[in-house]
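Notes to accompany the following structure.
The values are calculated or read from the model by the stated rules, or taken from the named source; none is laboratory data. Only a predicted model underlies this, so the values are computations on that prediction, with no experimental measurement involved. Note that we place each Cβ from the backbone using ideal geometry, even for glycine, and neighbour counts take in every protein chain shown.
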Amino acid sequence: MSAYRLPGWGHPVELVELPVPVPRGTEVLVEVQAVGLCHSDLFVMSVEEGVLPYDLPLTLGHEVAGRVVAVGELADSSLVGSDGVVHGVWSCGECHNCQRGQDNHCVALDGRVGCGLGRDGGLADYVVLPHGRHFVTATSVPPTALAPLADAGLTAYHAIRLHADALAGDCAALVIGVGGLGHLAVQILRATTSARVVAVDPRPEACALAERLGAHHTAMSVDDGLARLTASTGLTGIDVVLDFVGSDDTLRLGASALTPGGRLVVVGGARGSITVGKGLDLPLGWQVSAPFWGPRSDLVAVVELAEKGLLDPVVEVVPYADVPAAYARLHDGGVTGRIVVVP
Ligand code: NAD
Ligand code: ZN
C-alpha cells in the first residue's frame, strides 16, 4: 500500500510503499476512504528532534474516514464492513480518566496520542487501530465530510461543550481563526447554543465563509468584531472566546474581549502565552483553559449532528498525489475550510 510518512524530524513527508498490515488480537484494519489535513500536521513536520516522543518514520493522518475490512482474532467481527470515522485518541480504556469518559486525557498515552500523532495514521491506503472502540460508525455522511469530524469537528465540539453553561441565554461567543476547526466551531455554536457568534479572521474569504455558515458578525480584527457585536446587541463583552490561533496577540486580544465570568479557550497551537493570576486588569471571574482533542462520546455526538444535517464541513477534495502541495497551501493560509485527500 502507499503511505505518506515523515522520514525524519524537519523533513518533508515522502510517499512510500509498505505491506498492507494484518490486524492481530484486538486490532481492526480500516481501508481509508478520506483523510483531512490538519494544521497540527504542519507542527509535527516542523519540529526538531526531541520535541515529540514519536518514533520515526511515522505515517501521518489523524482525520480518517473509512471502512473496516478485517479484524484480529480478539476483535468484534461484526464491525467488518462498517463505514465510519476513526477516533484518533488511542486510549487504554482502563485508567481513571478513561473510566469516567475522559479518554482524551488517558494517563497511559505518554505523549504518543494515537492515529498519525505518535502511531501510524491514515494518510495511507490502510490504517490499523489497536481496538474496535476507536472506530465510530456512520451511515449517511460521505467520507469526505466525515474525515474532518475526527479532529476539526471533535476538537471544536469538545471545546464548546465544556463551556455550555456559559453559552446559554443572551450571550456571545468569539471564534478567532476561521480555518478547518474554526469554520466547524461556527456551525456547532449555531446548532447547539444560543450565543451571538462573532468570527474573526484576517482573510476576507474566511470571513465570508463564517458569514455563510451563520456567524452573526464577522471582522478582520477582534476590536472590529466586538464593536459590531456591541452596536447591534448592546453586549459589551464575550462569554466564550475560542482561540484557534493561540499566538501572543490572539490570547491578549481574546482575554481583553471577555465579559465578567468569561472563558478564554486556547485551542490553537501557535505557542503564544498569557499570564494567569489575580489583579491582572481582566474581568472578574475569568477562566482560561486549553482543551485537548475530545473523548469518543463527543465524536459520536459530532457524527450525530452531521447525520442530522446540522454540521457540514466545507471541504476541498484533492487527489493523493497532491498531498505535498496541499500541505504547502495550508501552511501559506490558502485553504477555505478543510482539505481532504482521497486515496
Ligand atoms: P487552519 O490553518 O485551517 O486555520 C487557521 C485559521 O486561523 C486560518 O483561517 C487563518 O487565516 C486564521 N488566522 C491566522 N492568524 C490569525 C489571527 N491573528 N487572527 C485571527 N485568525 C487568524 O488551522 P486548523 O487546522 O483549523 O488548526 C487551528 C489550530 O488548532 C492549529 O494551531 C492546530 O495545531 C490547533 N489544533 C489544536 C487541537 C487541540 O486539541 N487543542 C486539535 C487540532 C488542531
Ligand atoms: Zn486510559
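Of all residues in segment 184-225 being closer than 20 Å to residue 267 by Cβ, in contact (Cβ under 8 Å) with a residue 60 or more places away in the chain and not β-branched (Val, Ile, Thr), which is surrounded by the most Cβ atoms within 10 Å (Cβ to Cβ)? So the residue we want is 184. Tell me, yes or no, whether segment 83-93 has at least one residue that is more than 16 Å from ligand 2 (Cβ to nearest atom), assigned to a loop (DSSP other than H, G, I, E, B) and of a type in the set (S, T, N, Q). The answer is no, given that none of the residues of segment 83-93 is more than 16 Å from ligand 2 (Cβ to nearest atom), assigned to a loop (DSSP other than H, G, I, E, B) and of a type in the set (S, T, N, Q).
Quick check: anything in segment 144-153 within 16 Å of ligand 2 (Cβ to nearest atom) and not assigned by TED's automatic domain parsing to the domain that holds residue 238?
Here is the first cut: in segment 144-153, the residues within 16 Å of ligand 2 (Cβ to nearest atom) are none.
No: segment 144-153 contains no residue that is within 16 Å of ligand 2 (Cβ to nearest atom) and not assigned by TED's automatic domain parsing to the domain that holds residue 238.
Of the residues making up segment 275-310, those that are of a type in the set (S, T, N, Q) and either within 16 Å of ligand 2 (Cβ to nearest atom) or in contact (Cβ under 8 Å) with a residue 24 or more places away in the chain (or both) are 287, 289, 297. If you check 114, 122, 101 for being modelled with pLDDT of 95 or more and touching a Lys or Arg at 6+ places or on another chain (Cβ under 9 Å), only one passes: 101.
A Cβ distance below 8 Å, combined with a sequence gap of six or more or placement on separate chains, defines the contacts here; from segment 90-118, residues that are at positive phi reach residues that are within 11 Å of ligand 2 (Cβ to nearest atom) and among the aromatic types (Phe, Trp, Tyr) in the pairs 114/90.
Output the residue which, of all residues in segment 100-146 that are crowded, with 18+ Cβ neighbours inside 10 Å and hydroxyl-bearing (Ser, Thr, Tyr), is farthest from ligand 1 (Cβ to nearest atom). Looking at residues that are crowded, with 18+ Cβ neighbours inside 10 Å and hydroxyl-bearing (Ser, Thr, Tyr), I get 126.
Conditions (1) among the polar types (S, T, N, Q); (2) away from ligand 2 (no atom under 16 Å from the Cβ); (3) touching a His at 6+ places or on another chain (Cβ under 8 Å); (4) over 26 Å from residue 44 (Cα atoms), marked per residue:
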{"site": "210", "(1), (2), (3), (4)": "no, yes, yes, yes"}
{"site": "224", "(1), (2), (3), (4)": "no, yes, no, yes"}
{"site": "236", "(1), (2), (3), (4)": "yes, yes, no, yes"}
{"site": "246", "(1), (2), (3), (4)": "no, yes, no, no"}
{"site": "258", "(1), (2), (3), (4)": "no, yes, no, yes"}
{"site": "262", "(1), (2), (3), (4)": "no, yes, no, yes"}
{"site": "273", "(1), (2), (3), (4)": "yes, yes, no, no"}
